[in-house]
Amino acid sequence: MRVQEELDDAPVDALRDRFPERLARCIVGLAVFGVGISLVIEARLGAGPWDVLHQGISKRTGISLGSVLVIVGLLLLLLWIPLRQRPGIGTLLNAVEIGIVADIVIALVPAPDHLALRSLLLALGIVATAIGSGIYIGAGLGSGPRDGIMMGLTNHGLSVRVARTSIEVTVVALGFLLGGKVGLGTLAFALSIGPLVHVFLPRFRMRAPRRSEVAAPA
């Protein structure tokens with residue numbers, strides 16, 4: 001929850017005139033995020049918790065993984081209503097852009113057979129996902145549909161740990177039953193993504209200019 005607290009405390013008014021830059025950062029960050037989860041999936045060592053569910057739905061319906069990402073993201077926004085969460089433009093971009101990027105990358109990147117290459121692809125995917133998260137979250141244009149569910153539950157009395165664990169265990173179990181891939185990659189993703197985002201977010205989060213910079217003469 002520390003990440004969200006930092007964003008809530010960010011001087012949004014001071015950044016408002018930098019909206020084009022924030023939007024560009026958000027779009028780039030989501031693209032990097034989409035590349036990251038695609039690489040994790042192509043490694044075939046186990047997808048991230050939510051992507052296990054996306055894989056399972058894709059296998060059952062025949063819909064492309066990227067399209068499933070978009071559909072699930074938009075449907076999750078309906079759950080924001082009872083949880084009293086308000087989406088931002090970044091929320092809507094998150095729901096749509098990641099799925100489009102995922103379909104493109106999965107079509108272009110061949111899935112390797114050698115275990116060493118698959119392990120490398122998994123590691124690159126996890127790091128890219130964390131970097132993308134840091135860039136788009138740092139833009140401060142709204143959380144993603146999936147993170148918004150967790151935040152809504154915490155606002156209704158659940159701790160962050162309980163809310164996140166409950167959600168991810170549920171989606172992994174449901175995705176596994178539907179045919180999604182669970183493996184060491186799932187565990188590696190679940191254990192490493194939080195600490196990595198914690199490292200990258202401060203480096204990419206936009207900050208308001210200091211008073212001395214604002215007041216400096218031309």
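Rule-based calculations on the coordinates, nothing more; no lab input. Since the model is a prediction, treat every value here as computed from it, not as a measurement. Reconstructed Cβ throughout: ideal geometry from the backbone, glycine too, with neighbour counts over all protein chains shown.
If you take the Cα centroid of region 137-155 and the Cα centroid of region 42-90, the two points sit 14 Å apart. If you take the square roots of the eigenvalues of the alpha-carbon gyration tensor of region 19-59 and sort them as a ≥ b ≥ c, do you get rounded (a/c under 1.5), prolate (a/b over b/c) or oblate? Judged from the Cα gyration tensor, region 19-59 comes out prolate (a/c at least 1.5, a/b above b/c). Full extension of the chain segment joining Leu174 with His198 gains 5.8 nm, where the gain is 0.36 nm per residue of separation less the Cα-Cα distance.
Just checking my list (i) 17.7, 63; (ii) 20.6, 70; (iii) 15.9, 51 against Rg and Dmax of the Cα atoms in Å computed from this structure; which label fits? Given (i) 17.7, 63; (ii) 20.6, 70; (iii) 15.9, 51, the structure-derived one carries the label (i). In terms of other Cβ atoms within 10 Å, Thr91, Thr170, Thr154, Thr129 run from fewest to most in the order Thr170, Thr154, Thr91, Thr129. Summarising the label geometry, the points placed 7 Å from Cα in the beta-carbon direction at Leu23 and Ala111 lie 3.8 nm from one another. In the elastic network of the chain, a GNM with C-alpha springs shorter than 10 Å, the most mobile of Glu21, Glu42, Glu97 is Glu21. Each helix, a run of at least 4 DSSP H residues, gives -39500 (n - 2.57); summed and divided by the residues of the chain, these come to -25500 deg cm²/dmol at 222 nm.
By the count of neighbouring beta-carbon atoms within 10 Å, fewest first, Arg60, Arg44 end up ordered Arg60, Arg44. Which of the helices in the chain, when you take each full DSSP H run, stretch at least 30 Å along the axis at their Cα atoms and have an average Kyte-Doolittle score of 0.5 or higher? For the chain, where a helix must reach 30 Å along its axis and average at least 0.5, the hits are 19-43, 115-138.
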